[in-house]
Structures are given as structure tokens and as C-alpha cells.
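Below is one structure; the comments refer to it alone.
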Amino acid sequence: MEVVGLLLCVAAAALTWGFLWVWDSWERMKSPEQAGLPGGGSRTLLVTAHPDDEAMFFAPTVLGLVRLRHQVSLLCFSAGNYYNQGETRKKELLQSCDVLGIPPSNVMIIDNRDFPDDPGVRWDTERVADVLLRHVEASHINLVVTFDAGGVSGHSNHVALYAAARTLHAQGKLPKGCLVLTLQSVNLLRKYLSLLDLPCSLLCARDALFVLSRREAAQAQGAMSCHRSQLLWFRHLYVLFSRYMRINSLHFL
């Protein structure tokens, strides 16, 4: 029985890898735009809470948008100073963004007492929304990308970003034509299936889906490796097994 189970797992993995190669080829053959997404040259703002969010959760989206010729910027709402490593993590963030194709001039890190890196502190929605709106208007942003209501990991700082984006969208304060795309949170099982979650991701409803090729996956891992201060043993396991290092499903508000 154990041998049969092992063979089934190997077969499932082989089928998934084969499907990915087909998907990869199809992605490169079709039009650069995904349905509903702004076209090439659009100004996209990725909004995160901490240094390493961009690599741990959004690498497929960033690399996918760069592939679609978007001008991607990053607004990070904290320096990640929970363990007094803020200065180190700022430098790591800039290195990671460079690997992902976001130039240093397009990276803004907010480091003040209003937005502490602390899961026990609830950031004020109106303050987050005010900072976000000013940045969107100043940079003429067409597309905002951030967490959904689940925040992927449930971190309160992640959820605060969604609440602010949702507030701006609901109140009609975003500039005309500016869209908001949120990263879909999934259950714990799907979260750590890596590429085995691809069939489910393809079948489930979503507005945008980004799947990395092998080359891009190595690029995403390279970005994550820039966050050396955060690479504890369990983070190495995360890089190997998390779907967020290979697949991003997103929804429009």
C-alpha cells in the first residue's frame, strides 16, 4: 500500500509539472494582457506591510506584471522592526526588489510610529488610507495590488492594508480608472501544496492568475534569499512548499 501511495504521489507530481510546461508555453503564446488588467506601460503599486512580503507572497504577481511591461512600484508600510532589525531589513528589501525588477527609485518604505510592525497593534484604517491615496495620486497609479481580507497569514498589519484599500474603493476616492487587485488567501492545505495546487487554482474563480516558469521561480527564490535576517529553518520550508512562491490568484475589488 505504501508503494502504491508513493507511485500515486509521483504520478500526480509528474502530471502537475507537465501541465505547468503546457501552461508556460500557452502563456508565452497569448496576448500580453490578462482579461481586466491594464495594459503594458501601466503604473502598478504593490502595497505591503513588511519587508519580505513582496517576495514571500507577491513574487508571482510582481514578476508577472513585469512580464506584462507594467511599471511596478512598492509602498511598504513598515521597516519590519519587530525584533529591532529595521535598518537591516530595509537594505534587504531594496535588494529583493532589485531581483524582482523593481528599481530602488520605485520603493517607498514608511517607518513611523503610526504603523509599527506588530501583529498585536491594529493600524488605523483612515491613516493607512490617507497615506495610500496620497501615494496613488502622486505617482499616477493605475493599479493597486495588496492583500485580501484574510491577509494570507491572517496578520493584522496585512488585513489593515486591505481595509484601507477597500475603504478608498467603496468611497470612490481613488482616481478614475484606478483598479484594486487583492491576493487570494487560501486554506492551510492549499497554501503548502506548491505546484500541486495549480489545477485547483485554474478551476477556482479568479480575476487574474500568475504562474511562474522555472526560471522565474528561481528568480523569486533569489529575491527571498535577500532577506537573510528572516531565513530561519521554517522559512526555507516555506520557500520549498508554499504556493505563493509559484502561484498567485487575485480578485478585483
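The values are calculated or read from the model by the stated rules, or taken from the named source; none is laboratory data. Fair warning: this is a prediction, and the values are worked out from it, not measured in the lab. A quick note on method: Cβ atoms are made from the backbone with ideal geometry, for glycine too, and the neighbour counts reach across all protein chains shown. What goes into the accessible areas is simple: the full protein's heavy atoms, side chains included, and nothing from ligands, DNA or RNA. Shrake-Rupley method; radii C 1.70, N 1.55, O 1.52, S 1.80 Å.
Things worth noting here:
- Taken over segment 192-224, the criterion of being assigned to a loop (DSSP other than H, G, I, E, B) and open to solvent by less than 30 Å² (accessible area, probe 1.4 Å) is satisfied by 212, 213.
- Qualifying residue in segment 84-100 (condition: open to solvent by less than 30 Å² (accessible area, probe 1.4 Å), of a type in the set (Asp, Glu) and part of a helix (DSSP H, G or I)): yes
- Residue 243 within 21 Å of residue 158 (Cα to Cα) and surrounded by fewer than 17 Cβ atoms within 10 Å (Cβ to Cβ): no
- The listed residue being open to solvent by less than 20 Å² (accessible area, probe 1.4 Å), touching an Asp or Glu at 6+ places or on another chain (Cβ under 6 Å) and touching a residue at least 40 places away in the same chain (Cβ under 8 Å), out of 158, 227: 227
- Residue count for segment 161-191, restricted to those that are assigned to a helix (DSSP H, G or I), open to solvent by less than 40 Å² (accessible area, probe 1.4 Å) and touching a strand residue (DSSP E or B) at 6+ places or on another chain (Cβ under 9 Å): 5
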